[in-house]
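First comes the structure, then the notes that go with it.
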Amino acid sequence: MLTHDLIELSPAAQAHEPTVRELRVQYETELFERVLPFWQQHSLDQRHGGYFNCLTRTGACYDTTKYSWLQGRQAWMFSTFFRHVEQKPVWLDIAQSGVSFLRQHALRPDGRVFFSLTAKGKPIYQQRKIFSECFYVMGLAGLGHATGDAHLLDEARTGLEQIWAWSQDLAEVGRPVHGGQPESQALAIPMILLNLIEVVGDGEVDPYRNAIDECITRIKRHIHTGERKVYEHVRPDGHLLTGADGRLLNPGHAIEAGWFMQHWALRLGDRELQQLSADVVRWSYEVGWDDEHGGLFYFLDAEGYDPVQLEWFMKLWWPHCEALYGHLLNYAITGDAADWEAFMEVHDYSFRRFSDPDHGGWYGYLDREARPTSTSKGAPYKGFFHVPRALWLCWSLLRRLEDCTLSSGDR
């Protein structure tokens, strides 16, 4: 069951017909006629399996290196389309190609997953993180749920258990703690695990209740409600760290964490968590939006200093994708006009600045004034994931809003 089916749509969220219908058509067209065909046409490696990730504006492959994050994510995306949109055999074949490539080449005997590989599958680099493993498991689970393959689902559950164990002690993946390093936790780990639990468990609560609660508790430590800010790194008890690292804000990450929590708030029927999750999206958007040039900043310093990340002022595709869905989800639940206005603001910016009307796909990297710093459509961290996921989630939710609006009109 999609989380959308659990939403009690606010009566106020039915006030924008025919705009909702027009938006539904726009998202449908963008996803199925422009974004998906670009990647389906250009990213498939018909010779060695898996997907080419580094694609130019027109789809040419400029580097044949394959990145496990993007292999697993793309496999999950095509599995999800097969399962929830239409059972097209070609979509299932594409998903199976990615999973097969990863299982054959990227998976190590100890359960670790190489970060990057050659086109033929020879390993290049191993990260000291758990995210290659997370997205490998995501691909397994997506294909397992799409096909009903019990072996794949068992492997995904076992992989999730192993990742959970590693997440408790990153020294197990080669991340030692040095003498001057303060105790801290990063938002990325509990938020990604929270989403991975939803993917692997297909939204089931009972088998994962303790892990769900722990992830949400850890995410809450990053949320400082008095300041209306979500910090990227905090001490394990939630207190702030000193220095630039402790002041770091990543609006896109925080917005994504907000809607991840919102999905579980809906499944748990937790109204208090629903409110907090909605506020996380709103606060992070407010602090992250560039009032002068539009768009979301990549990084910010909570006290207004220049962030040490020199790319802090750039506008990247994925935070805007998360904001699209985060605000539309808020609006569907609350009917709040401010949520709708924020959705439309980021919608107008994203479709005007990131979408390529000539060749399909979306640009990934803009400067502060929204000029592309790279015309590539794929890169080591940009593949077929954030854009199609956001378009699909928004399209699905707009369909629900449209259906309810039409039903209300009939009455």
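Values computed for the structure shown
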| read-out | value |
| --- | --- |
| Fully extended contour minus Cα-Cα distance, from residue 225 to residue 1, at 0.36 nm per residue | 77.5 nm |
| Length-normalised contact order for the chain - Cα pairs under 8 Å, 6+ apart - percent | 21 percent |
| Projected label distance in nm at residue 293 and residue 373, using a 7 Å step from Cα toward the beta-carbon | 1.0 nm |
| Region 105-245 shape via C-alpha gyration tensor axes, a/c threshold 1.5 | oblate |
| Residue with peak Gaussian network fluctuation, the chain [Cα springs, cutoff 10 Å], from 155, 345, 272 | 272 |
| Inter-part distance where region 35-76 and region 242-300 are each reduced to a Cα centre, Å | 30 Å |
| Candidates 379, 211, 390, ranked by Gaussian network fluctuation over the chain, Cα under 10 Å, top entry | 211 |
| Gyration tensor verdict on region 14-87 (Cα atoms; rounded if a/c is under 1.5, prolate if a/b is larger than b/c, oblate otherwise) | prolate |
| Length-normalised contact order of region 1-66 in % [C-alpha pairs under 8 Å, at least 6 apart] | 17 percent |
| Set of lysines with alpha-carbon distance to residue 382 below 24 Å, sequence-local pairs under 8 removed | 66, 120, 122, 129, 315 |
| Aspartates and glutamates whose Cα lies under 17 Å from that of residue 377, excluding same-chain neighbours fewer than 8 positions away | 30, 33, 45, 63, 356, 358, 367 |
| Separation in nanometres of the label points that stand 7 Å from Cα toward Cβ, at residue 63 and residue 84 | 3.1 nm |
| Choice from 361, 326, 246 with maximal GNM fluctuation in the chain (Cα, 10 Å cutoff) | 246 |
| Under the span-like rule (Cα at least 20 Å along the axis, Kyte-Doolittle mean at least 0.5), DSSP H helices of the chain | 131-147 |
| Relative contact order of region 271-313, defined on C-alpha pairs under 8 angstrom at six or more residues apart (%) | 24 percent |
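Bear in mind that the values in this text are calculations on the coordinates, not laboratory data. Computed from a prediction, not measured in an experiment: that's the story for all the values here. Cβ sites come from the backbone with ideal geometry, for glycine too, and all protein chains shown count toward neighbours.
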